[in-house]
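Note sheet for the following structure.
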Amino acid sequence: MKPRISSVLLFVSLIAPGAVVPAATLVKLTRADDRIRVELGGKLFTEYIFKGAPKPFLYPILASDGTEMMRHFPVQRGVPGEVEDHPHHRSLWFTHGAVNGIDFWGENTDQCGKIASESVESAVQDGVGTIRARNRWVGPDGTVHLTDETTIRIRGSADARFLDYEVTLKAPAGKPVLFGDTKEGSMAIRLPLWMTPTHDYGKGRKHEGSGTIVNDSGQRNDETWGRRSTWVDYHAPKDGKVYGVAMFDHPSNPRHPTWWHVRSYALFAANPFGKHDFDPKFKADKKAGDMIIPAGGSVSFRWRFYFHLGDENAGKVADRFKEYAAGK
């Protein structure tokens with residue numbers, strides 16, 4: 001089958017440090033049976049893969065010069081230098097580990113749920129690519145527990161990129177949906193090993209890294225785990241440059257500013273539900289972070305990924321968050 005070119009509401013914006021309005025980069029979307037390929041300026045940026053896995057995800061994630069900003073495993077196995085842990089960490093994805101008591105975060109067991117694609121549309125307009133998807137959250141017994149409507153927007157310029165990820169979670173007419181309190185969620189990216197700080201990764205093994213994690217309060221590395229903040233930035237040097245990715249929690253989100261399930265081993269996730277895991281004051285209350293979507297109701301979340309050069313200061317991460325909060 002010959003691929004067809006289509007448009008998607010993906011919002012990636014490449015912003016050079018100090019620039020106010022970035023020069024637009026041509027966005028091209030090409031649809032195949034199981035994915036939508038996203039090119040910026042004639043170069044692959046990512047693919048939205050909506051079939052063949054337990055959940056939709058975006059892979060690979062490439063900087064403007066082609067530098068890989070994600071881990072390959074489990075999409076590719078045996079890549080030199082990778083740590084093949086947590087096989088449910090698929091590049092860039094959204095899901096949660098306790099939905100009506102079912103684990104949608106994990107994979108490949110008969111107790112885990114799956115997020116199945118129902119429809120995908122794409123379009124390009126005014127230099128912005130957009131992907132709109134509708135998905136069903138299906139339990140191990142085949143029950144559909146909820147649906148979601150996901151919109152991904154991307155645009156680009158010379159050396160920075162923004163990817164906006166918006167999801168509306170919808171409960172069925174006859175039954176509420178419970179998103180339970182667990183650290184295992186929710187809007188996430190698994191970064192490559194070279195971006196990590198020095199950390200232990202089990203069985204007495206230690207990785208000596210030069211990466212840095214920092215949040216809007218200036219907390220760094222392991223101090224950022226479980227904290228609430230409007231943004232977190234993860235950056236590291238490679239081949240004479242510093243590459244970074246920041247994630248922004250939109251002010252309209254429930255429970256803003258969110259908690260962060262961000263680890264020195266390269267998991268980077270925003271989680272608005274894991275209150276008892278993250279906040280010591282609520283450690284004894286395992287339902288503190290529960291969120292119930294009423295029958296027939298919905299809840300929406302918005303996040304932005306900002307792929308940039310430099311650390312949080314050179315990349316003007318705080319300024320870029322202010323622009324996002326202002327609707328830009």
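The values are calculated or read from the model by the stated rules, or taken from the named source; none is laboratory data. Here the structure is a predicted model, which is why all the values come from computation and not from measurement. As a convention, Cβ positions derive from the backbone with ideal geometry for all residues, glycine included, and neighbour counts pool all protein chains shown.
The single condition among (1) part of a loop (DSSP other than H, G, I, E, B); (2) over 30 Å from GLY174 (Cβ atoms); (3) under 19 Å from the mean Cα position of the chain (by Cα); (4) not β-branched (Val, Ile, Thr) that ALA284 does not meet is (3). For the stretch 240-260, a residue qualifies if it is surrounded by fewer than 24 Cβ atoms within 10 Å (Cβ to Cβ), in a strand (DSSP E or B) and not β-branched (Val, Ile, Thr), and exactly one does: LYS241. Exactly one residue among LYS55, LYS51, LYS28 is part of a loop (DSSP other than H, G, I, E, B), crowded, with 18+ Cβ neighbours inside 10 Å, modelled with pLDDT of 90 or more and basic (Lys, Arg), and that residue is LYS55.
The listed residues are LEU44, LEU40, and the only one of them that is crowded, with 18+ Cβ neighbours inside 10 Å, at pLDDT 90 or above and either more than 20 Å from PHE248 (Cα to Cα) or within 15 Å of the chain's Cα centre (by Cα) (or both) turns out to be LEU40.
Of all positions in the stretch 185-197, at least one carries a residue that is small (Gly, Ala, Ser) and more than 17 Å from THR46 (Cβ to Cβ). In the set GLY204, GLY209, GLY218, which member is over 20 Å from ALA288 (Cα atoms), of a type in the set (Gly, Ala, Ser) and at pLDDT 95 or above? Being over 20 Å from ALA288 (Cα atoms), of a type in the set (Gly, Ala, Ser) and at pLDDT 95 or above holds for just one of GLY204, GLY209, GLY218, which is GLY218. Taking the stretch 34-48 as the range and being among the charged types (D, E, K, R) and part of a loop (DSSP other than H, G, I, E, B) as the test, only ASP34 passes. Candidates are the residues of the stretch 294-318 that are within 22 Å of the chain's Cα centre (by Cα) and among the aliphatic types (A, V, I, L, M); the one that is surrounded by the most Cβ atoms within 10 Å (Cβ to Cβ) is VAL317. Exactly one residue among ARG205, ARG227, ARG220, ARG153 is of a type outside the set (A, V, I, L, M) and closer than 30 Å to GLY42 by Cα, and that residue is ARG153.
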